[in-house]
Amino acid sequence: MQEKHPPKPSDLPSLTPQDYQDMLMNAPVGVFSSTPEGCFLYLNVALAEIFGYASPQEMMASVKNVAKDLYADSKDRKKVLRLLEENKAVRNHECRFVRKNNTTFWASYSVRAVHNEKDGKLYYQGFLSDITERILEKEALLRTQFAMDRAPDNILWINSAGHIVYANHSSCNSLGYSRDELLSMKIFDIDPEFSPNQWEQHKEKRRRVGTMAFESRHITKDGRIFPVEIRSNHFEYNGDELSLTFDRDITERKRTEQALRESETRFRQLFKMAPTPMAHVSKDGRVLDVNDAFLDIIGYSTDDAPTLEQAWQLSFEDSDQKEIMSTKWQNELERALAENDDQIEAMECPVRCKDGNERRMIISTRVIEDRIILSFFDITAHHQAEAERKRLQEQLHQSQKLEAVGVLAGGVAHDFNNMLGTIMGYAELAINDTGPADPVRGKIEAILDAARRSASLTRQLLAFARKQTIEPVVFDLNTAVEGIMEMIRRLIGEHIELAWLPGDTPCTICMDPVQLDQILVNLCVNARDAIADIGRITIETNAVSFDADYCQTHAEFLPGDYVLLAVSDNGCGMANETLSNIFEPFFTTKGMGMGMGMGTGMGLSTVYGIVRQNQGFINVYSEPEKGTTFRIYLPRSAADSAEAKPQRTETIRKSRGETILIVEDEPMLLELGMMMLQQLGYSVIAAATPHEAIQAVRENAGEIQLFITDVVMPEMTGRDLAERLQEIRPD
Ligand code: ADP
């Protein structure tokens, strides 16, 4: 049987004093003895090594006073010496000592005073071991613990079964439990997201990946649940799987995120639904999004134009703005970003929409943090209205000018016509007085010819001034045009094709048929002159109606039913400069004169005057090298049937003894008229004013059979005078 108890001292093998000395000398702790005065009596190898000496001998020789030379702190030395003087043992005192190289270290130190039985002297005997490593470890542990406790995050150590084995100060605070309470709880008590089953799965995954970051919820002692962000680290120790988790309360962050999401949603909704076309662009020029109005009006999506540069390319496709816009915008953007300016100067420019339409837009750019918002303000309507206003103003200006010129020309032409009447009258009388062989006859005929041509010109002026005396009748335009077609064909020559496209509906109008001839002849002659070689003239008619809307955008037009008479040619056309002057009397590009190919500048002014006199309107469309179309609108007449043109008698009936009353305010014409009528054998009563005429009728009531009058006179018109005379002489 083996001994169960430790051997008794008597059982030990006997050791020699040398054996004991060797044991002491090689013991793993420092052993020493010294005199109370501080002189080493003995020290072993371990002590010398601890203090950094090569051997006990070296240390013994170097250290003169144990107490003074070796303690790092004098307080420790004094304390130890006092205890020894009081004959008390010092046990496991921890203090710092100084090594040979002056560095310090921690040691655990026991010493006591011993009386030598042989010499009766007192000496000290002690043991010392280096505990620096343990002290440093303890310090490190304390620091770590302190840091964990003061960390702003909640720190928990959780063991494999889910028990909380460590909780820092912050965890206690945020969960509302004391540390002891927490250390008696499991993770499932504070995290409602974890069931034991899920904990197993979580551990399994954490084992694989080492560290896991996720969001969960924690529940406080008083039942409040709050969101947390967790970092859980896998740690194996002594065969257990531990989890070191750092978690933090993210209530505030969640709230901010939610607010941000809501504001983002609001921004998106506003952006989407804003009535203004808008595009959202990144700072490097990518088009991130466009809103509904952008898609509706401009039409390009981010698929069509993923970058702003491509968007500019599309928007200014065929415009010289392309280069200018993209560079200008780029420069402005760079400047704004550099200067931290949130706004870029708004630019007005035409934008080509996906449907091909060009719209006028003001583009404004805003830099909002990392987004750039472009908004497009469509001013097309405003722009068009402005252009329309200018056009109408010009139209009005033009017609006012023509009106003024008309008044002026009318006044002159009226007097001039009277003079010419006199000249022609006397010339005719003079011819009647000369025989066919008379040498003067040819000269008078030349005078008469020149006067007739001048008279024709003045007639045109009168027509322009709407002073032409007319005999309106109701007739069908189509029939009338057909009647004059042959004459026009001869007028324009064979090299020009003449197309006649009458409208289906009857085109009844009420005007002097002579004026219609004048219009057609003048327009066709101009069309002929505009065609250099071969070409085509088209005459069209149609029934049209204008409503109030149309008339608002066309100066001078009035709502109602009209007949359209259009004359088009594919000749040289006109530039705008010519176009704006064509209705002015004496405006011509053909060179002034009476010869062939020369212009008088009266053709279109006559047409204009006639159309206006008949309450009609005239429009002209012309493009250089393409041709010209004149559209004349004459009021449609309600009368169904067209009356025949009144027959004009060519021969003048000689007198059978009748008396004629002639009224004329121009004395020369009055005299001429008298002479001509008298030559035909009539008795003539002449009156220079309407009042004289009334007087004459009163005095010669029964005698007068016919009354001839000038129309335009100072006191009253010829028509008014006729009415007055009819009152006196109803028969
Ligand atoms: P005239 O024919 O004597 O020149 P008008 O008043 O008839 O006078 O015409 C004025 C000017 O208008 C013409 O000189 C010509 O420049 C221009 N014009 C008129 N009609 C046409 C047309 N059909 N094509 C091109 N130019 C025209």
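Decide, for the range 177-221, between rounded, prolate and oblate: order the square roots of the alpha carbon gyration tensor eigenvalues as a ≥ b ≥ c, take rounded if a/c falls under 1.5, and otherwise choose prolate if a/b is larger than b/c, else oblate. Prolate is the answer for the range 177-221, as a/c is 1.5 or above and a/b outweighs b/c. Kindly express, to the nearest 10 degrees and within the range 0 to 90, the angle between helix 690-699's C-alpha long axis and the longest C-alpha principal axis of the chain. Approximately 30 degrees, to the nearest 10.
In debye, nearest 20, what is the charge dipole magnitude of the chain about its Cα centre with +1 on Lys and Arg Cβ and -1 on Asp and Glu Cβ, if you could check?
The dipole of the chain has a size of about 4220 debye.
Rounded to the nearest 0.05, what FRET efficiency is calculated for Glu181 and Thr265 with R0 set to 41 Å and r the Cβ-Cβ distance? My answer for the efficiency is 0.45. Hey, if you drop one equal point scatterer on each alpha-carbon of the range 125-210 and run the Debye formula without solvent, what base-10 log of I(q)/I(0) do you get at q = 0.15, 0.24 Å⁻¹? Each listed q maps to, in turn, -0.69, -1.15.
Stretched out straight at 0.36 nm per residue, the stretch from Leu24 to Gln125 would grow longer than its current Cα-Cα span by 35.1 nm.
Exposure proxy check: Arg653, Arg134 ranked by fewest other beta carbons within 10 Å?
On the way: Arg653 10, Arg134 13.
Ascending number of Cβ neighbours within 10 Å: Arg653, Arg134.
Taking 0.36 nm per residue of separation and subtracting the current Cα-Cα distance, fully stretching the chain between Asn340 and Val711 would add 125.4 nm. Summary of the geometry: the range 601-634 and the range 469-514, compared by the centres of their Cα atoms, lie 15 Å apart. The alpha-carbon atoms of the chain define a convex hull whose volume equals 424 cubic angstrom per residue.
Test of understanding: what is the full-extension gain from Thr380 to Phe235, defined as 0.36 nm times their sequence separation minus their Cα-Cα distance?
Fully extending the segment from Thr380 to Phe235 adds 45.1 nm.
The tail of the calculated P(r) for the range 13-73 beyond 16 Å holds 46 percent of all Cα-Cα pairs. Paramagnetic label reach from Asn357 (point 7 Å along Cα→Cβ; backbone nitrogen cut-off under 20 Å): within the range 389-420, residues 389. Beyond 21 Å, the tail of the calculated P(r) for the range 167-264 holds 39 percent of the Cα pairs. Taking Cα centre as origin and charging only the Cβ of basic (Lys, Arg, +1) and acidic (Asp, Glu, -1) residues, the dipole magnitude of the range 83-198 rounds to 740 debye. Averaging Cα coordinates gives a centre for the range 108-173 and one for the range 49-93; these two points are 23 Å apart. Placing a pseudo-label 7 Å from each Cα along the Cα-to-Cβ vector at Glu137 and Glu49 gives an inter-label distance of 1.9 nm. How large is log10 of I(q)/I(0) for the range 340-395 at q = 0.19, 0.26, 0.30 Å⁻¹ when the intensity is taken from the Debye formula with one equal scatterer per alpha-carbon? Debye intensities relative to I(0), on a log10 scale: -0.75, -0.98, -1.09.
Taking the centroid of alpha carbons for each part, the range 380-429 and the range 685-709 are 35 Å apart. Taking label points 7 Å from Cα along the Cα-to-Cβ direction, Glu494 and Glu482 give a separation of 2.6 nm.
Once the Cβ-Cβ distance between Asp547 and Arg253 is put in as r, and R0 is 51 Å, what FRET efficiency do you end up with, to the nearest 0.05? About 0.15, to the nearest 0.05. Computed on the Cα trace of the range 347-480, the radius of gyration divided by the Kirkwood hydrodynamic radius gives Rg/Rh = 1.46.
Rounded to the nearest 10 degrees, the inclination of helix 477-492 to the longest alpha-carbon principal axis of the chain is 80 degrees. Treating r as the C-beta distance of Ser456 and Lys390 and R0 as 45 Å, the FRET efficiency rounds to 0.70.
Is the range 445-569 best put as rounded, prolate or oblate by its Cα gyration tensor, with a ≥ b ≥ c the root eigenvalues, rounded for a/c under 1.5, and otherwise prolate when a/b is larger than b/c, oblate when not?
Taking the square roots of the gyration eigenvalues as a ≥ b ≥ c, the range 445-569 is oblate.
In the range 64-169, Rg over Rh equals 1.23, where Rg is the alpha-carbon radius of gyration and Rh the Kirkwood radius from pairwise Cα distances. Ranked by how many other Cβ atoms sit within 10 Å of their own Cβ, fewest first, the residues Phe294, Phe235 fall in the order Phe235, Phe294. For the range 192-333, the square roots a ≥ b ≥ c of the C-alpha gyration tensor eigenvalues yield an a/c of 1.5 or more together with a/b exceeding b/c, which makes the shape prolate.
Annotation: the residues Asp512, Asp284, sorted from fewest to most other C-beta atoms within 10 Å of their own C-beta, follow the order Asp284, Asp512. In plain terms, the C-alpha convex hull of the range 97-148 casts an average shadow of 5.4 nm² when viewed from every direction. Using a simple spin-label model with pseudo-atoms 7 Å out from Cα toward Cβ, Lys64 and Thr104 lie 2.3 nm apart.
Which of Ala346, Pro306, Thr256 sits closest to the plus end of the dipole of the range 253-354, meaning its Cα is farthest towards the positive end, when Lys and Arg get +1 and Asp and Glu get -1 on the C-beta? After comparing all options, I get Thr256.
Taken together, the values in this text are just the output of simple stated rules run on the coordinates, not laboratory data. Since we're looking at a predicted model, the values are computed, not measured. Glycine gets a Cβ as well: all are built from the backbone with ideal geometry, and neighbour counts include every protein chain shown.
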